[in-house]
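Below you'll find the structure, written out as structure tokens, and then a few comments.
The values are calculated or read from the model by the stated rules, or taken from the named source; none is laboratory data. Keep in mind it's a predicted model, so treat the numbers as computed, not measured. Quick reminder, even Gly has a Cβ in these numbers, built from the backbone with ideal geometry, and neighbours come from all protein chains shown. Just so you know, the surface numbers come from the protein's heavy atoms only, side chains and all, with ligands and any DNA or RNA stripped out. Shrake-Rupley method; radii C 1.70, N 1.55, O 1.52, S 1.80 Å.
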Amino acid sequence: MADPFDPKSAIPGATRRTALGILLGAPLLSACSGIQQALTNNYGTNNPGEPPPAGPAGPAQQSQVIGTGGIKVGLILPQAAPGNAGIAAQSMKNAAEMAYTEFQNPNIQLLVKDDAGSAAGAQQAAQQVLSEGAEIILGPLFAVSVPAVAQLARARNIPVIAFSTDSSVAGRGVYLLSFLPESDVNRIVDYAYSTGKRSFAAMLPENAYGNVVEVAFKQAVARKGARMIAFERYGADRSAAARNMASQLTGADALLLADDGDAVVATADALTTAGANLRNVQLLGTGLWDNPRVFGSASMLGGLYAAPDPAGFRAFSGRYRAKYGNDPVRTATLSYDAVALVAALARTQGGQRFAPEVLTNQSGFAGIDGLFRFRNDGGNDRGLAVMKVASGGGQPVAGSPKSFGT
């Protein structure tokens with residue numbers, strides 16, 4: 001059997017660079033019975049510019065060390081943050097520990113620090129892991145905390161893999177391992193175009209998420225040479241925007257509705273009330289559609305949205321539940337994949353393990369959440385499936401890609 005950590009044994013004749021990108025994911029999968037899944041919603045931090053948790057932080061958590069390897073890796077999470085943020089942090093820490101265990105004695109040591117969900121806490125945590133010899137930093141989770149970590153890490157030429165969904169905090173040496181709205185939009189527009197859709201419309205919320213989706217959508221449509229027939233934004237009252245859109249939909253064959261479960265159903269209902277026949281247009285959406293409210297809406301049936309194949313998260317959740325006795329948050333896969341990635345790089349890439357050219361390998365990596373690769377600007381590309389809204393849940397209509405195209 002080929003050694004999954006040895007590119008030469010797995011892909012005869014492949015170049016080292018090509019094999020690196022394809023196979024660094026193999027350890028992530030081989031220890032996990034083949035997982036490929038996804039995430040779309042952080043317990044409420046899915047919008048770009050996600051706010052820090054509200055309310056007073058709890059008592060700071062003590063630093064923890066996971067593993068005894070020689071390569072030190074910082075892991076910064078909001079463990080003492082209030083509410084769901086602290087719950088998510090604990091789940092992500094558990095997932096990181098699980099990745100370390102399942103990777104079978106990697107030569108890394110995780111230095112786990114609590115930032116309490118604040119920029120000041122993240123700065124202090126970063127100072128600590130850097131002083132303790134971290135060669136790479138995983139985290140933090142919130143956009144507000146990333147710049148503080150980035151400033152210290154860049155001064156020492158230490159890369160950061162953060163979990164925020166705000167693309168504006170990415171940059172030189174700061175990579176985002178999260179599900180970015182841009183990936184969802186690009187995938188669903190590409191798929192719709194491949195099925196013959198040429199005239200697009202969009203109705204988006206007036207918030208940070210809508211801002212990012214608007215830019216990505218207009219760029220994706222233009223890149224395909226397709227037409228933008230109608231475009232509307234809405235606030236708390238959708239009625240005026242819905243009437244405007246309904247009056248312009250005649251020439252469109254695809255309509256993007258990008259909002260979370262309750263909100264997108266309300267938008268579809270407002271369009272119907274305004275006289276739009278949604279059966280005459282292909283509804284398109286993002287991963288935020290992966291919600292029971294969407295699957296229970298008659299207006300949304302048949303709509304298509306981009307999201308990771310759900311099979312991987314189900315497998316991951318089963319192993320997590322067996323180990324910790326409860327369910328993981330959706331963001332737990334991010335810390336799992338981050339730890340598995342650095343473990344694989346540490347095992348296969350020697351002194352260049354966290355160099356920019358290694359982290360931004362164009363072939364990418366495979367993890368629980370499917371294919372991903374970091375871009376030079378710190379953003380990422382994801383290999384996503386296309387799902388169809390059905391009464392029992394999302395049904396795949398186009399699988400996740402097995403490799404990134406050139």
Checking Thr331 against (1) open to solvent by 20 Å² or more (accessible area, probe 1.4 Å); (2) at pLDDT below 95, which single condition isn't satisfied? (1)
Report, ordered by the first and then the second residue, all pairs with beta carbons closer than 6 Å, sequence separation of six or more or different chains, a first member in region 302-314 that is under 15 Å from Leu283 (Cα atoms), and a second member that is surrounded by fewer than 22 Cβ atoms within 10 Å (Cβ to Cβ) and modelled with pLDDT of 90 or more. Leu304/Lys388
For the subset of region 365-378 comprising residues that are at pLDDT below 95 and of a type outside the set (A, V, I, L, M, F, W, C), which member is nearest to Trp289 (Cα to Cα)? Asp369
So Val174 fits all but one of (1) within 16 Å of the chain's Cα centre (by Cα); (2) surrounded by fewer than 18 Cβ atoms within 10 Å (Cβ to Cβ); (3) at pLDDT 95 or above; what number is the exception? (2)
How many residues does region 312-322 contain that are open to solvent by 50 Å² or more (accessible area, probe 1.4 Å) and more than 19 Å from Tyr100 (Cβ to Cβ)? 1
Of all residues in region 251-286, how many are part of a loop (DSSP other than H, G, I, E, B), open to solvent by less than 20 Å² (accessible area, probe 1.4 Å) and under 18 Å from Thr195 (Cα atoms)? 3
Only one of (1) open to solvent by 10 Å² or more (accessible area, probe 1.4 Å); (2) touching a residue at least 12 places away in the same chain (Cβ under 8 Å); (3) more than 20 Å from Ala307 (Cα to Cα) fails for Arg373. Which number is that? (3)
Could you check region 65-79 and list, in sequence order, the residues that are open to solvent by 10 Å² or more (accessible area, probe 1.4 Å) and within 23 Å of the chain's Cα centre (by Cα)? Gln79
Residue match in region 378-385 (condition: touching a Gly at 6+ places or on another chain (Cβ under 9 Å) and either of a type in the set (A, V, I, L, M, F, W, C) or farther than 23 Å from Ala344 by Cα (or both)): yes
Restricting attention to region 148-171, which residues are modelled with pLDDT of 95 or more, within 19 Å of the chain's Cα centre (by Cα) and either open to solvent by 20 Å² or more (accessible area, probe 1.4 Å) or charged (D, E, K, R) (or both)? Val169, Ala170
Being free of Cβ contacts under 8 Å to residues at least 24 places away in the same chain, out of contact with any strand residue (DSSP E or B) (no Cβ under 8 Å at 6 or more places or on another chain) and open to solvent by less than 40 Å² (accessible area, probe 1.4 Å): is that true of Ala390 here? no
Check off (1) open to solvent by 10 Å² or more (accessible area, probe 1.4 Å); (2) not in a loop (DSSP other than H, G, I, E, B) for Ala126 and give me the number that stays unchecked. (1)
Among the candidates Phe372, Phe354, which residue alone is hydrophobic (A, V, I, L, M, F, W, C) and assigned to a loop (DSSP other than H, G, I, E, B)? Phe354
Mind checking whether some residue in region 204-223 is at pLDDT below 95, open to solvent by 20 Å² or more (accessible area, probe 1.4 Å), of a type in the set (Gly, Ala, Ser) and under 20 Å from the mean Cα position of the chain (by Cα)? yes
Out of all the residues in region 227-248, which are open to solvent by less than 20 Å² (accessible area, probe 1.4 Å) and among the hydrophobic types (A, V, I, L, M, F, W, C)? Ala230, Ala241, Ala242, Met245
Taking Ala340 as the residue in question, decide whether it is open to solvent by less than 30 Å² (accessible area, probe 1.4 Å), over 26 Å from Arg198 (Cα atoms) and in contact with a Lys or Arg (Cβ under 6 Å, 6 or more places away or on another chain). no
Check Ala99 against each of (1) open to solvent by less than 10 Å² (accessible area, probe 1.4 Å); (2) touching a strand residue (DSSP E or B) at 6+ places or on another chain (Cβ under 9 Å) and name the one condition it does not meet. (2)
Before we move on, is Ala366 within 18 Å of the chain's Cα centre (by Cα) and either aromatic (Phe, Trp, Tyr) or under 24 Å from Phe313 (Cβ atoms) (or both)? yes
Return yes when Val112 is under 22 Å from the mean Cα position of the chain (by Cα), at pLDDT 95 or above and within 19 Å of Thr68 (Cβ to Cβ) and no when it is not. yes
When you look at Arg293, is it closer than 30 Å to Pro106 by Cα and assigned to a helix (DSSP H, G or I), yes or no? no
Residue count for region 278-297, restricted to those that are without any contact (Cβ under 8 Å) to a residue 24 or more places away in the chain and either in contact with a Ser or Thr (Cβ under 9 Å, 6 or more places away or on another chain) or polar (S, T, N, Q) (or both): 1
